[in-house]
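The values are calculated or read from the model by the stated rules, or taken from the named source; none is laboratory data. From a predicted model like this one, the values you see are computed outputs, not experimental measurements. Backbone-built Cβ (ideal geometry, glycine too); neighbour counts: all protein chains shown.
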Amino acid sequence: MKLVFAGTAAFAVPSLRALHSAGHEISLVITQPDRPGHRMKMTPPPVKVAAMELGLDVDQPERIRDASVAQRLRGLAPDLMVVVAYGQIIPGAILEIPRRGVLNVHASLLPRWRGASPVAHAILAGDRETGVTIMKMDEQLDHGPVLASRAISIRPGEDTPALTERLAEAGAELLVETIARLDEVQAAEQDHSQATLAPRLTRQDGALEWEMGAEEIDRRVRALQPWPGATLPTKRGRVKVLKGHVDGSRYVPDLVQLPGKRPAPAKQVLGDA
């Protein structure tokens, strides 16, 4: 099948690779522009790196709403478009171009956790399971009909990076399976009354206090990795907590980081602080 793929974050890379391995003709990969990274060095998004390794054509428009993007897609006349962690809303002018529509891989069991940070919000809420959903996109946020979903248990102590990696692989597998069965899959409308939102995280979300209690602190520390990160007040000021554990009613930091320093064992850095 002739595809156009739109994705940016590392979560999207397994899906791109899986589609390529399955033999689909990926005529174009759309991803966001290179951005300043470590020490302000211009850094390509993970999807661009993967696409170049696979020898695929890449386009990096600043805004996917630009008329030139739709014009190029019309010229390609794709059968299907796949969007995974792209980072911009896909406009109606593009949604109507592919003959078979536009599919999206979302890192939750929709309609729960619509939005930009579904993995973190699942951990924050103490959910015991989450999953991946393949849906047909419409112009509203994570609103379209569901073609397939797969539940994934959240492991004890699992943080956002580890869970995201597992969901990315599960989503890639389910995507390829769904496209192979596209003629027989029945799309089901979401129960919009059950929708919950997973908005982008902020630095304020990571400012923790001991009064929150051990379980709440533990969920936040795990959910807010790698950004915005979680900090707790100590005798040495606010310290970023990278890992820790619950001991009865206490939260015990295990790995911490002082500003401008490398991560280090909490006992070494804080002592009894």
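Identification of strands (runs of 3 or more DSSP E) wholly contained in segment 218-273 with 2 or more residues that are farther than 25 Å from THR202 by Cβ yields 237-247, 250-257. Scanning segment 96-135 for residues that are assigned to a loop (DSSP other than H, G, I, E, B) and not aliphatic (A, V, I, L, M) yields a total of 14. Exactly one residue among GLU177, GLU169, GLU209, GLU158 is in contact (Cβ under 8 Å) with a residue 12 or more places away in the chain, more than 24 Å from PRO91 (Cα to Cα) and outside the structural domain of SER108 (by TED's automatic domain parsing), and that residue is GLU209. Conditions first: (1) closer than 24 Å to LEU201 by Cβ; (2) in contact with a strand residue (DSSP E or B) (Cβ under 6 Å, 6 or more places away or on another chain). VAL185 passes all but one, so which condition is the exception? Unmet condition: (1). Restricting attention to segment 18-45, the residues being small (Gly, Ala, Ser), surrounded by 13 or more Cβ atoms within 10 Å (Cβ to Cβ) and within 19 Å of the chain's Cα centre (by Cα) number 1. Out of curiosity, is ASP138 at pLDDT 95 or above, of a type in the set (Asp, Glu), surrounded by 15 or more Cβ atoms within 10 Å (Cβ to Cβ) and in a loop (DSSP other than H, G, I, E, B)? For ASP138, the condition - at pLDDT 95 or above, of a type in the set (Asp, Glu), surrounded by 15 or more Cβ atoms within 10 Å (Cβ to Cβ) and in a loop (DSSP other than H, G, I, E, B) - is met. Which pairs do you get when a residue that is within 27 Å of ALA187 (Cβ to Cβ), found in segment 111-129, comes within reach of a residue that is aromatic (Phe, Trp, Tyr), reach meaning Cβ atoms under 7 angstrom, with the pair 6+ apart or on two chains? Every condition considered, the pairs that remain are HIS121/TRP113; ALA122/TRP113.
Against the test of being in a helix (DSSP H, G or I), in the same structural domain as GLY144 (by TED's automatic domain parsing) and modelled with pLDDT under 95, the options ARG72, ARG39, ARG17 yield a single qualifying residue, ARG39.
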